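Undergrad: Have a look at this one.
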Amino acid sequence: MRQFRRQCQSIVASSAAIGLLTFTGYKFHFNNATIVLLFLLVVVLQSLTGRVIASVLVAIAAAGCLDYFFLPPILTFRVDDPMDGLALSVFVVVAAVVAYQVSRVRVEGLRAQRHGTEVEQVYEVALRLLLLTPDQVAGVPALKVFRDVLGASAICLFDASTVDLKVEGNSQHDLAARTRQGFIFGKDTDDDKCGVHIRCLKIGNVTAGAIGFEGLPHPDTVSPALPVLAAAALERAHTFRRTSHEIAATQAEVFRTAVLDALAHEFKTPLATILAVTGGIRASQKLDPDQEEMADIIESEVARLSLLTTRLLRTAQLDRQEMKPRREAVDLVPLVERTVHRYMAQYPERAVTIASSRTSFEVFVDVQLLELTVAQLLDNAVKYSRPASAIDVTVRQEEEFITLRVRNEGNSIPNGERDRIFERFYRGASVRNLVSGSGLGLYVARKIAAAHGGSLILINDDGDSGVIFSLKLPSPEPSSFNPESNHEHDSLVTAL
């Protein structure tokens with residue numbers, strides 16, 4: 001309406017100027033060349049307003065006055081000379097061309113001005129976002145930056161990774177809900193009636209969130225780069241959050257490893273003292289059968305506690321990457337038999353079967369570490385199998401590996417826990433409250449297997465009621481085998 005009023009005012013002013021020139025020229029008998037130039041000057045001045053329709057109307061009025069008052073026959077609108085008709089049409093053409101060019105230049109100027117405003121906004125937002133700390137760029141401080149720069153009445157940010165919604169300012173049109181919906185539908189929206197503008201935030205091909213603006217004074221000046229800056233700020237916050245968690249986890253691991261190491265060393269001395277005292281009591285040969293039994297219990301429990309302490313020490317060493325196996329050539333079958341006899345002496349009611357496809361399997365390992373691994377697999381089989389059920393230990397050759405399998409008749413392990421049981425301190429949900437344990441055994445055993453270039457895996461056949469852990473150790477070169485033990489035998493079975 002305001003533009004229409006201004007257009008009418010310019011038409012009236014230009015028409016009045018033409019009328020004044022017509023009256024003056026007609027009364028004082030201006031020649032035609034002079035009056036044409038004066039009329040053309042008025043038409044050009046009107047055209048400089050950039051209003052094409054108004055300029056054409058003024059040009060028609062000027063041509064009509066020129067024809068009626070100055071071109072023969074005077075006081076008629078008849079044009080006898082074709083050149084006069086051409087001259088009259090020039091007014092309209094000049095008015096249209098000049099007005100169109102001015103209008104286009106004005107549009108380009110407005111566009112350049114808007115682009116300059118966008119660049120200034122982007123620069124200001126980027127600069128102020130960089131001054132924020134990483135934990136602020138996805139919060140209210142970042143929204144205040146956008147609000148201050150754009151002059152909006154309300155700004156809303158939705159973070160898809162945390163499902164967190166933050167609003168800065170007073171929204172009159174439910175900006176928070178609209179921003180969340182914009183993310184859900186993955187679509188930019190503009191509601192000019194309510195003054196709400198929603199932009200999705202994309203990081204690569206992933207929509208990471210959405211930002212909403214309400215009450216922008218100049219919605220057309222919202223640069224597409226502003227949502228990009230918001231997405232970059234969101235990604236910066238995500239990276240900072242992930243890095244902080246990783247640093248915290250690393251520090252926690254360092255502290256926990258130090259505590260385990262300290263505790264294990266502190267336990268070693270009193271355990272050795274207890275064993276020495278127990279041995280001295282036995283040497284006195286003054287114990288009755290009940291006292292002998294109690295001494296056996298003391299030694300057995302001390303042995304179990306010593307095993308746990310050894311695992312803690314090994315865990316601390318493995319975490320600090322200080323574990324370097326002291327390898328030597330050893331026959332695996334006697335080592336397994338010896339470890340099984342020593343460990344299973346605590347459980348006389350359990351039957352263990354050892355089967356080997358050969359009488360001898362030479363391996364190149366750290367004896368203490370391998371004994372610890374075998375003991376852990378036996379401990380795991382005893383704890384998580386049915387009471388009085390059998391445990392099967394098998395040694396055999398599998399391609400370039402020598403495999404030790406320990407099978408128990410426990411319940412199958414759920415799919416979601418089959419990989420996690422090898423994590424440190426992890427214990428299955430179904431047994432953590434039923435069976436005591438630290439969750440370190442399988443973790444240490446797998447670390448030892450990896451240190452020897454082998455592996456420890458779970459073979460859990462859903463069709464079988466048993467659970468099998470398979471320890472694979474690299475087979476030495478054929479030349480390192482004892483020729484006398486390299487021949488194949490029928491399955492050698494030892495029952496304990």
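Coordinate-derived values only; no laboratory data. Predicted model, so just to flag it, every value in this text is computed and none were measured. Note: ideal-geometry Cβ built from the backbone for every residue, glycine included; neighbour counts use all protein chains shown.
Undergrad: Apply the Karplus curve 6.51 cos²θ - 1.76 cosθ + 1.60, θ = phi - 60°, to the phi angles in region 135-142 and return the couplings in whole Hz, x for Gly and Pro.
TA: 7, 9, 6, 10, x, 4, x, 5
Undergrad: Among His173, Ala142, Val163, whose Cα sits farthest toward the positive end of the charge dipole of region 131-238 (+1 at Cβ of Lys/Arg, -1 at Cβ of Asp/Glu, about the Cα centre)?
TA: Of the listed residues, the answer is Val163.
Undergrad: Give me the net charge of Ser47's neighbourhood, meaning all other residues with Cβ under 13 Å from the Cβ of Ser47; Lys, Arg count +1, Asp, Glu -1.
TA: Summing Lys and Arg as +1 and Asp and Glu as -1 gives +3.
Undergrad: Measuring from a point 7 Å past the Cα of Ile53 along Cα-to-C-beta, which residues in region 92-108 have an amide N at less than 20 Å?
TA: Within reach of a label on Ile53, which here means backbone N under 20 Å from a point 7 Å along Cα→Cβ, region 92-108 contributes 92-107.
Undergrad: Give me the net charge of Phe240's neighbourhood, meaning all other residues with Cβ under 14 Å from the Cβ of Phe240; Lys, Arg count +1, Asp, Glu -1.
TA: -1
Undergrad: Measure nothing but the geometry: give the 0 to 90° angle between the long axis through the Cα atoms of 225-283 and the longest principal axis through the Cα atoms of the chain, rounded to 10°.
TA: Helix 225-283 sits roughly 10 degrees off the main axis of the chain.
Undergrad: At a temperature of 25 °C and a viscosity of 0.890 mPa s, determine how fast the chain diffuses translationally according to Stokes-Einstein, using the Kirkwood radius over alpha-carbon pairs as Rh; express D in µm²/s, rounded to the nearest whole number.
TA: Approximately 76 µm²/s, per Stokes-Einstein.
Undergrad: Based on the Cβ-Cβ distance from Cys194 to Ser89, what FRET efficiency comes out when R0 is 60 Å, to the nearest 0.05?
TA: 0.75
Undergrad: Counting only helical runs of four or more DSSP H residues, what would the 222 nm mean residue ellipticity of the chain come to if each run contributes -39,500 (n - 2.57) and the total is spread over all its residues?
TA: Helices in the chain give a 222 nm mean residue ellipticity of -18500 deg cm²/dmol.
Undergrad: I've got another one for you. Can you give me the distance in nm between label points at Ala283 and Ala329, each placed 7 Å from the Cα along the Cα-to-Cβ direction?
TA: So the two model labels end up 3.9 nm from each other.
Undergrad: Then there's this: What is the antiparallel percent of DSSP beta bridges lying wholly in the chain, to the nearest 5?
TA: 90
Undergrad: Net charge near Val98, counting Lys/Arg +1 and Asp/Glu -1 over other residues with Cβ under 13 Å of its Cβ?
TA: Counting the neighbours of Val98, the net charge comes to +3.
Undergrad: Can you bin region 52-137 into rounded, prolate or oblate? Criterion: square roots of the alpha carbon gyration tensor eigenvalues sorted a ≥ b ≥ c, rounded for a/c under 1.5, prolate for a/b above b/c, oblate for the rest.
TA: prolate
Undergrad: How much length would be gained if the chain were fully extended between Val119 and Gln172, taking 0.36 nm per residue of separation minus their Cα-Cα distance, in nm to one decimal?
TA: 16.2 nm
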